[in-house]
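K.L.:
Dropping a structure here in structure tokens format, bear with me for questions.
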Amino acid sequence: MAGSETLTSGEYIKHHLTNLTFGQFPDGHWGVAHSAEQAKEMGFWAIHLDSMFWSLGLAALFGYFFYTAAQKASAGVPSGLQNFVELMIDFVNDSVRGSFSGKNDLVAPLALTVFAWVFLMNLMDLVPVDLIPYISGVLGIHFMKVVPTTDPNVTFALALGVFGLILFYSIKIKGVGGFVGELTGMPFETKNPLLKPFFMVINLVLEGVNLIAKPVSLALRLFGNMYAGEMIFILIAVMYSAGWVMGIFGGVLQLGWAIFHILIITLQAFIFMTLTIVYLDMAHAEHH
């Protein structure tokens, strides 16, 4: 599509960065946007159908393979799939043991799910940028972004899910009073009754910002890195329309970036998993 006569380079980039959006049009009817402008007019309550489809589809794929491995697991000579799943489980268990000091049977399965799911969503960035959009265009679908983690709605949904667990376990382990005390009693402490209310307000502001920064940093770190990676792939693809010399150069660049990007997609999944474990460990820690 980079060489399409109907699209300029700017239009090509804009097309590949636009989600397939379903929402309410200004006149009140609901439907799928046929342009980036229409998608923007739909506002906050619009749904990115492509992000939903690919993220849920990859979650189902992850669940299917791990369920199949569990069903076929044996004590004898393991299959290749069983070996892979056991390797993944050992890797996650080692990460949990190194970062989580509490006792919670949810943390390890959650960490495994987070790592595998985020990795699979990131992995879609290695699919040729024109392949699925071209197939979608043939089928009459105007837009199709295939990397869910380049959509901030997806990364914030993941981060807010983790944030909900942080709040839940903070209150469960420490109680409402302990959780509020943690927000208002540190880092500044005093026994002076006149200064105590003043310090409590300062502590609440500082600790409140620190608390809110956790989901924001989780979401934006993943989104920013993956969006930048996708943008580079798209910019390299634009080079194919500039003649065969630039096309060959672009092919070499694309191969090099794809190899390097394997490290990025794995690292981002690992960072998201590790921070999830660390934040939950902090939620379980009681301060006296």
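K.L.:
Determine the pairs where a residue that is over 21 Å from ALA269 (Cβ atoms), located within the stretch 77-95, has a partner that is acidic (Asp, Glu) and surrounded by fewer than 15 Cβ atoms within 10 Å (Cβ to Cβ) with Cβ atoms under 8 Å apart, the partner being 6 or more residues away or on another chain.
P.N.:
Filtered contacts from the stretch 77-95: PRO78/GLU86.
K.L.:
Can you pull out every residue in the stretch 37-92 that is among the acidic types (Asp, Glu) and out of contact with any Phe, Trp or Tyr (no Cβ under 8 Å at 6 or more places or on another chain)?
P.N.:
Residues of the stretch 37-92 that are among the acidic types (Asp, Glu), as a first pass: 37, 41, 50, 86, 90.
Once the filter is applied, which keeps residues that are among the acidic types (Asp, Glu) and out of contact with any Phe, Trp or Tyr (no Cβ under 8 Å at 6 or more places or on another chain), the stretch 37-92 yields GLU37, GLU86, ASP90.
K.L.:
Regarding LYS214, is this residue modelled with pLDDT under 85 and surrounded by 14 or more Cβ atoms within 10 Å (Cβ to Cβ)?
P.N.:
no
K.L.:
Further, regarding this structure: Note down all Cβ pairs under 7 Å where the first residue falls in the stretch 199-215 and is closer than 16 Å to SER170 by Cβ and basic (Lys, Arg), the second is crowded, with 16+ Cβ neighbours inside 10 Å and modelled with pLDDT of 90 or more, and they're at least six residues apart or on different chains.
P.N.:
Listed pairs, sorted by first residue: LYS214/PHE163; LYS214/ILE166; LYS214/TYR279.
K.L.:
Follow-up. So if I check each of SER79, SER51, which one is surrounded by 10 or more Cβ atoms within 10 Å (Cβ to Cβ), farther than 23 Å from GLY140 by Cβ and out of contact with any Leu (no Cβ under 8 Å at 6 or more places or on another chain)? If you could, list the steps in order and put the result at the bottom.
P.N.:
Numbers: SER51 fails: farther than 23 Å from GLY140 by Cβ.
Only one candidate qualifies: SER79.
K.L.:
Oh, and also: When residues of the stretch 1-42 are filtered for being β-branched (Val, Ile, Thr), modelled with pLDDT of 90 or more and in a loop (DSSP other than H, G, I, E, B), how many remain?
P.N.:
Here the count works out to 1.
K.L.:
State which residue is surrounded by the most Cβ atoms within 10 Å (Cβ to Cβ) when the search covers only the stretch 125-158 and only residues that are more than 20 Å from the chain's Cα centre (by Cα) and part of a helix (DSSP H, G or I).
P.N.:
PRO133
K.L.:
Any idea which residue in the stretch 43-100 is farthest from ILE277 (Cα to Cα), counting only those that are in a helix (DSSP H, G or I) and β-branched (Val, Ile, Thr)?
P.N.:
THR68
K.L.:
Of the residues LEU206, LEU235, only one is in a helix (DSSP H, G or I), farther than 29 Å from GLN38 by Cβ and under 29 Å from the mean Cα position of the chain (by Cα); which?
P.N.:
On inspection, the qualifying residue turns out to be LEU206.
The values are calculated or read from the model by the stated rules, or taken from the named source; none is laboratory data. None of the values given here were measured: they were computed from a predicted structure. All Cβ positions, even for glycine, are placed from backbone atoms using ideal geometry, and neighbour counts span all protein chains on display.
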